[in-house]
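Asker: Take a look at the following structure, please.
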Amino acid sequence: MVNELILAEQSLDPILVKARSHANNGDVLEAQRLYQVVLQTKKEKIQKELTALKKSQQNNALQSPPQEALNQLEYLYNQKQFEVVVEQAKILTLEYPQAFVIWNLLGASAFQINMKDEAIEAYKKALLLNPNYADTYSNMGTVLQDQGKLEAAIEAYNKAIALKPDYAVAYNNKGNAFKDQGKLDEAIEMYNKVISLNPNYADAYSNLGAALQDQGKLNEAIVAHKKTILLNPNHAEAYRNMAVTFKDLGKLEEAIELFNKAITLKPDYAEAHQNLGYALIDSGRIKEGLDQYEWRWKTKQFLPYQRHFLQPLWNGKQSLSGKRILLWCEQGIGDTINWSSCLPLISSQAEHCILECQEKLVPLLQRSFPNVEIKAANRSLDSQRDDFDFHLPMGSLYKHFFQEVLKNIKPKAFLVPDPARVKFWKERLKSLGKGPYIGISWKSSVVSPYRLQHYPPISDWSPVIKIPDVTFVNLQYVDFEDDLSKIKDELGVTIHNFDDLDQHNNIDDVAALCAALDMVVSTKLTPPFISSAVGTLTKIANWRQSTYNNLLTNPTTSSYDMFERDIWEPWDNVFDLIGQEISKQKIERNNCKNKL
């Protein structure tokens, strides 16, 4: 605007010169006319400037919401009324689309009520308006990480750190993302960076302890957790994490005390209640433990699996005489198979029992439990159904029948494979060579630092795999090709794989194959649950202190043996002992043949 006025002034100079010349020459009328032109022109230019300034002022007012409205939004956010903030912020963004602070509050509030996509979009809008605001990059990284978009989250944290090199929060969050990826060394590096920037950052010590725990460095983990508590005596998560570490060390009473401390500080801490349940079960306090296990439905992990019906949850006390009950699967197929062993206990009490499970289990379970209506799970009609009177998630069966489970002699088998397919697989196995025929599986398709502690590398299996005169069969359903090649190249042993068997989806045929085998050797995976349930001798290499090693999660038959190592021990002894069992099996098998 200033430049325009200078140009305007310059354009008026010749007119003024002419006006002055006419005035000096006595031509007053012409001089007056020219002066009037100058005055009118200046008036119009000044009026345009004033109009432009007024318009600019109005635009600024439109893009800057009243402070009162911002204060109200911040108050609602601090009162944790996130749904109201989202509703009001969306309205305000229509009137003030350039207001950075509103988009930022919208993103933060949307994330708090699990509207993750909306949160990311809001943060993106905020960053378009202010691309140099490190906090928004860090907050967006947190949302992306919560969706499992870990690489994108790390990229967002990197941008935050580039803008703010001493940003301890962003380094801490980046460490968490690395931990979620299983990159524990990188995660620990980030946590140590946080501590170097802020030695009093309690959360960084807590996260460091959890990462060290996942590396099996339990004593170092305890030191970190104690430092967290020293900095923040009310840090419930640190008490819970330290309790898990003590449980991993086999110190159950200390773990139970710490879980209770975490719950005292944070009574609705669902994860601490659930972990306490496992510790109580392991210590023999079964009923207390199973009661605490019900808190799983309030944990972040289990919320997506919850189902909502009009009919009530069965509390174990109402009579099922003349009633219909729906049981529904809540976790993986190994758990569904394991817990299905309790179906006769509940179906004998009800007029009609329905089990909704994973579709690929339907044929096997229909054959095994003819008195139960087995169908594939369908959540779409949950709120409209009227084909049952009570419902119960399968993981709660033990809560109501644990005394029967503890008293009953374990059956050798409870699943019934297709006899024709068992015969087929026995003939197929003979075509591979001489027995014994032993199926093996060694790692999970679900990878996390904690789960990896259950699965030693295939190279640790050599005491088993090198046993001569054994025909090994692959029971892995994913990610096995490289390991099979490694075994062939390094040990000269072929583990046979049936390419035409879909081991991921055709569970009925996998059960028949397991029934045809002489033995199955595995870590804690789905195959040993299938093999032990069909009555095949099953040897499980297991981590003794695992959360998944208890009444709820171990096979329910007499067909399996557990070979356990403590977390501080290598796997050597486990596989040596299993190797000895296989050798015994060979001798017994040969003796039987000789007698025949």
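The values are calculated or read from the model by the stated rules, or taken from the named source; none is laboratory data. Everything numeric here is computed off the predicted structure, so don't read it as measured data. In this analysis, Cβ positions are derived from the backbone assuming ideal geometry, glycine residues included, and neighbour counts consider all displayed protein chains. When the accessible area is computed, the model is the full protein with side chains, heavy atoms only, and any ligands, DNA or RNA have been set aside. Shrake-Rupley method; radii C 1.70, N 1.55, O 1.52, S 1.80 Å.
Asker: Would you mind getting me the FRET efficiency between SER485 and ALA162? Use the beta-carbon distance for r and R0 = 60 Å, nearest 0.05. Present the calculation step by step, with values, prior to reporting the outcome.
Answerer: On the way: r = 42 Å, r/R0 = 0.71.
After rounding, the FRET efficiency stands at 0.90.
Asker: Quick one: helix 100-112 against the long Cα principal axis of the chain, what's the angle to the nearest 10°, folded into 0 to 90?
Answerer: The answer is roughly 20 degrees.
Asker: Please find the FRET efficiency linking THR264 to TRP297, where r is the Cβ-Cβ separation and R0 is fixed at 30 Å, and quote it to the nearest 0.05.
Answerer: 0.90
Asker: Could you look at the chain and say what percent of its accessible area is carbon and sulfur, using a 1.4 Å probe and all protein chains? It would help to have the intermediate numbers written out before the result.
Answerer: Numbers: 14890 of 29600 Å².
The C+S portion of the solvent-accessible surface of the chain is 50 percent.
Asker: Additional query: What are the aspartates and glutamates whose alpha-carbon lies under 16 Å from the alpha-carbon of LYS42, with same-chain residues fewer than 8 places away excluded?
Answerer: GLU4, GLU9, ASP13
Asker: Among VAL446, HIS496, TYR191, whose Cα projects farthest towards the positive end of the dipole of the chain, with charges put on the beta-carbon of Lys, Arg (+1) and Asp, Glu (-1)?
Answerer: Farthest towards the positive end: HIS496.
Asker: Rounded to the nearest whole Å², what accessible area per residue is found for the chain with the 1.4 Å probe?
Answerer: Numbers: 29600 Å² over 596 residues.
Dividing the accessible area of the chain by its residue count gives 50 Å².
Asker: Tell me the mean residue ellipticity at 222 nm calculated for the chain from its helices only (DSSP H runs of n ≥ 4, each -39500 (n - 2.57), averaged over every residue, nearest 500).
Answerer: Details: 27 runs with 344 residues, N = 596.
Calculated mean residue ellipticity at 222 nm is -18000 deg cm²/dmol.
Asker: Where a ≥ b ≥ c are the square roots of the eigenvalues of the C-alpha gyration tensor, would you call the chain rounded, which needs a/c under 1.5, or, failing that, prolate if a/b is larger than b/c, or oblate? Write out the running numbers ahead of the final one.
Answerer: Working: a/c = 2.65, a/b = 2.42, b/c = 1.10.
Prolate, since a/c reaches 1.5 and a/b exceeds b/c.
Asker: Calculate the tail of P(r) for region 431-542: the fraction of all Cα-Cα distances greater than 22 Å, expressed in %. If you can, show how the numbers build up before the last one.
Answerer: Working: 1661 of 6216 pairs.
More than 22 Å apart: 27 percent of the Cα pairs in region 431-542.
Asker: Same structure again: Treating only the Cα positions of region 413-479 as identical point scatterers, give the base-10 log of I(q)/I(0) from the Debye formula at each q in 0.13, 0.21, 0.26, 0.29 Å⁻¹.
Answerer: Results for region 413-479 at q = 0.13, 0.21, 0.26, 0.29 Å⁻¹ read -0.54, -1.02, -1.15, -1.24.
Asker: Still on this model: Going Cα to Cα from LYS524, which lysines come in below 17 Å? Please leave out same-chain ones fewer than 8 positions away.
Answerer: Straight-line reach from LYS524, under 17 Å: LYS443, LYS539.
Asker: Beyond 18 Å, what percent of the Cα pairs of region 221-359 remain? All intermediate terms of the calculation are to be shown ahead of the outcome.
Answerer: Details: 6205 of 9591 pairs.
Every Cα pair in region 221-359 considered, those over 18 Å come to 65 percent.
Asker: Under Stokes-Einstein, with the Kirkwood radius over Cα pairs standing in for Rh, what whole-number D in µm²/s applies to region 354-397 at 37 °C and 0.692 mPa s? Numbers along the way, then the final one.
Answerer: On the way: Rh = 11.5 Å.
In µm²/s, the coefficient rounds to 286.
Asker: Sticking with this one: Can you tell me the FRET efficiency between TYR75 and ARG451 if r is taken as the Cβ-Cβ distance and R0 is 35 Å, rounded to the nearest 0.05? If you can, show how the numbers build up before the last one.
Answerer: Numbers: r = 43 Å, r/R0 = 1.24.
Rounded to the nearest 0.05, the efficiency is 0.20.
Asker: Among ALA152, LEU212, THR264, whose Cα lies farthest out toward the positive end of the dipole of the chain, if unit charges sit on the beta carbon of Lys, Arg (+1) and Asp, Glu (-1)?
Answerer: Going by the Cα projections, it comes out as THR264.
Asker: For TRP568, TRP339, TRP103, TRP295, give me the order by solvent-accessible area with a 1.4 Å probe, most accessible first, ignoring ligands, DNA and RNA.
Answerer: The residues order as TRP568, TRP295, TRP103, TRP339, largest area first.
Asker: Express the Stokes-Einstein translational diffusion coefficient of region 179-257 in µm² s⁻¹, to the nearest whole number, given a Kirkwood radius over alpha-carbon pairs, 25 °C and a viscosity of 0.890 mPa s. Intermediate results must be reported in sequence, preceding the final value.
Answerer: Numbers: Rh = 12.4 Å.
Approximately 199 µm²/s, per Stokes-Einstein.
Asker: Further, regarding this structure: At a probe radius of 1.4 Å, what is the per-residue accessible area of TYR167, in Å² to the nearest 10?
Answerer: 20 Å²
Asker: Dividing the Cα convex hull volume of region 86-199 by residue count, how many Å³ per residue is that?
Answerer: Working: hull volume 10.1 nm³, N = 114.
Value for region 86-199: 89 Å³ per residue.
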